[in-house]
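Below is one structure, written out as structure tokens, with a few remarks after it.
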Amino acid sequence: SFLTTLRSGGGGLVQAGRIGGLGKGERVYSVRFAGDVAYVVTFRQVDPLYTVDLSDASRPRILGELKIEGYSSYLHPIGDDLLLGVGQDATEQGRPTGTQLSLFDVSDLRQPKRLDRAPLGPGWSEAESDHHAFLYWPRTGLVVVPFVQQAAGFRVGRARGIDAVARVVHDVPSATIRRSLVVGDSVLTVSDAGVKSSSLATLADQGWAAFPPVRRDMPGPPRR
């Protein structure tokens, strides 16, 4: 696996630098760029989290590496020196066992550490493959992640680690929550069935608006 830096030149992009040897024999599962630093996760049986210095684009270099079981498919900076990962826990043989959140301390890029982890249970989160499904609200440290047919809420920070708040459920059969957003003092969660409003502080239910059913007898466009 390689990380390549590019510069504009000659009317296009030209390679400035490259670093290889990231997780030999493994796949890249997630990458996050934050200023002059890149965070790269590879996985086959264990999850190496690499910190990469990009301050000199022509000579990127690995600063640190952390090996843990499982992997993170999505990485999100929490402040200046914390990184939250959404992914899968795994056995020593590399078999995924369920969704988990991992909180990493990257204040020392040469020695990244995992501060806390929160298993959600067997299954997958859409946030692992689509960052639009992930919500982080810095003012309160709230993280909301869709999981199976729920939205799992946590407070995240250095002192508290990953602290569970509540899980939001849409009480409609097969209603899978896909997105969440903050409006005023409420968290709105959206599924195919409707929108639920929950308290920003506690995620307690506030209100529900169902989407109208799709009519199957609507006439189609006129034929020409």
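The values are calculated or read from the model by the stated rules, or taken from the named source; none is laboratory data. Here the structure is a predicted model, which means the values were calculated and not measured. A quick note on method: Cβ atoms are made from the backbone with ideal geometry, for glycine too, and the neighbour counts reach across all protein chains shown. What goes into the accessible areas is simple: the full protein's heavy atoms, side chains included, and nothing from ligands, DNA or RNA. Shrake-Rupley method; radii C 1.70, N 1.55, O 1.52, S 1.80 Å.
Taken about its Cα centre, the chain carries a charge dipole of roughly 620 debye when the Cβ of each Lys and Arg holds +1 and the Cβ of each Asp and Glu holds -1. Note on residue 192: accessible area is roughly 110 Å² with a 1.4 Å probe, heavy atoms of protein only. Compute the accessible area per residue over the chain, keeping the other protein chains in place, probe 1.4 Å, unit Å². On a per-residue basis, the chain sits at 54 Å².
Applying both filters, DSSP loop and at most 13 other Cβ atoms within 10 Å, to the chymotrypsin sites (Phe, Trp or Tyr not before Pro) of region 1-81 gives 2. Between residue 8 and residue 208, the simple spin-label model (points 7 angstrom out along Cα→Cβ) gives 5.2 nm. Can you match volume of the Cα convex hull per residue in Å³ to one of these, [x] 202; [y] 179; [z] 168, based on a calculation from the structure here? Here the calculated entry is [x]. Peptides 107-120, 87-100 ranked from most to least packed, by the mean per-residue count of other Cβ atoms within 10 Å: 87-100, 107-120. Report note on the peptides 122-130, 142-150: ranked by the mean count of other C-beta atoms within 10 Å, highest first, their order is 142-150, 122-130. Other residues lying with their Cβ under 15 Å from the Cβ of residue 209 contribute a combined charge of -1, Lys and Arg counting +1, Asp and Glu -1.
Think of the chain as a dipole: +1 on every Lys or Arg Cβ, -1 on every Asp or Glu Cβ, centred on the Cα centre; then among 169, 187, 42, 42 lies furthest on the positive end.
Taking the Cβ of residue 116 as the center, what net charge do the other residues with Cβ under 14 Å away carry, scoring Lys and Arg +1 and Asp and Glu -1? With Lys, Arg at +1 and Asp, Glu at -1, the neighbours total +3. Given R0 = 35 Å, the distance between the Cβ atoms of residue 34 and residue 164 translates into a calculated FRET efficiency of 0.85. Straightening the chain between residue 107 and residue 80 buys 8.9 nm, computed as 0.36 nm per residue apart minus the Cα-Cα spacing. Any chance you could run the full-extension gain for residue 92 through residue 172? It's 0.36 nm times the residue separation minus the Cα-Cα distance, nm to one decimal. Stretched out fully, the residue 92 to residue 172 stretch lengthens by 25.0 nm. Reported to the nearest whole Å, the Cα centre-to-centre distance from region 95-132 to region 171-206 is 23. Split the accessible area of the chain by element, probe 1.4 Å, and carbon with sulfur accounts for 50%. Given R₀ = 22 Å, what would the calculated FRET efficiency be for residue 63 paired with residue 27, taking r from the Cβ atoms and rounding to 0.05? Efficiency at R0 = 22 Å is approximately 0.55.
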